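Read the structure below first, then the notes.
Rule-based calculations on the coordinates, nothing more; no lab input. Remember, predicted model here, so these are calculated numbers, not experimental data. Note that each Cβ is placed from the backbone with ideal geometry, even for glycine, and that neighbours are counted across all protein chains shown.
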Amino acid sequence: MNIIYIFWLRQLKKYFRSKARLFGSLAQPAFFLVALGFGFGPIFSKAGGGDYIAFITPGIITQCILFTAVFSGIDLIWDREFGFLKETLAAPVSRLKIVIGRTLGSATIALIQGIIVLFLSLIIGFRPYDLGRLFFSFFIMFIIAFLFTAFGTTIASFLEDLHGFQFIMNFLLMPLFFLSGALFPLDGLPRVFKAIASFDPLTYGVDALRTCLINISHFGLFMDFFILSTLTLIFLCISSYSFSKMQI
């Protein structure tokens, strides 16, 4: 447990050392909330959808968590490039514990940023459906963060180039985000797009968070939680295996 704590703490220290990284990662979600929320809000309301800011807030929070969590894989490539990873892997400790510690640290960072975006949304007028569910939403946010941090670690363990990682992640993340129902309801989509969305893991994160915050659900909270938990365990195992096979 000491090794896990050390790597968890190390990730947090790296994050809080960089104020530019903190504020830069929050700029896009804040822009989306204001520009889309107020820009498309009247249209969404006239179409009978209700309050658009309330609808997209869970999606924008999930977007912030997604990008922060996945791009934590850059730290792994950075550590490999500058030799810190070689020292880490040479230590007589379990690589599984190293992965868990790094993943916990990066997931905690993504959770913190998601909570900050939630508080920003309260400033511009968002109000959660039930304050009791608000605390459970933090748990859902952490599961999403842990899942996609493990996903980012898996991808990074196969790459040695920062630019290659950024290209692949941008290629994957935008479809994951836009097909998740973060910005639009899934109910009115054609069957093809509904089928594609059902294979998107972020869809279940958005749906679970939306259920907790505004009591609107497409799949049901139990289904969302089951799929997110299962995928998190799967990707943790995959990331641990791929990390153990890394060539330094």
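Things worth noting here:
- Taking a point 7 Å from the Cα of PHE139 along the Cα-to-Cβ direction, the residues of region 101-130 with backbone N closer than 18 Å to it are 108, 111-112, 115, 129-130.
- Dipole check for region 109-198: with +1 at the C-beta of Lys and Arg, -1 at the C-beta of Asp and Glu, and the Cα centre as origin, the magnitude is about 340 Debye.
- Förster radius 30 Å - calculated FRET efficiency between ARG127 and PHE31 (Cβ-Cβ, nearest 0.05): 0.90
- For chymotrypsin sites (Phe, Trp or Tyr not before Pro), the sites in region 104-133 that DSSP calls loop and that have at most 16 other Cβ atoms within 10 Å are TYR129.
- What the Cα atoms of region 118-227 give is an Rg and a Dmax of 15.5, 45 Å.
- Per residue, the Cα convex hull of region 163-226 amounts to 94 Å³.
- Here the peptides 32-39, 187-194 are ranked by packing, the mean other Cβ count within 10 Å, and the order with the highest first is 32-39, 187-194.
- Label point at PHE222 placed 7 Å out along Cα→Cβ; residues across region 131-175 whose backbone nitrogen lies under 20 Å: 133, 136-137, 140
- Between ILE234 and ILE168, the modelled label-to-label distance comes to 1.8 nm, taking each label 7 Å out from Cα in the direction of the beta carbon.
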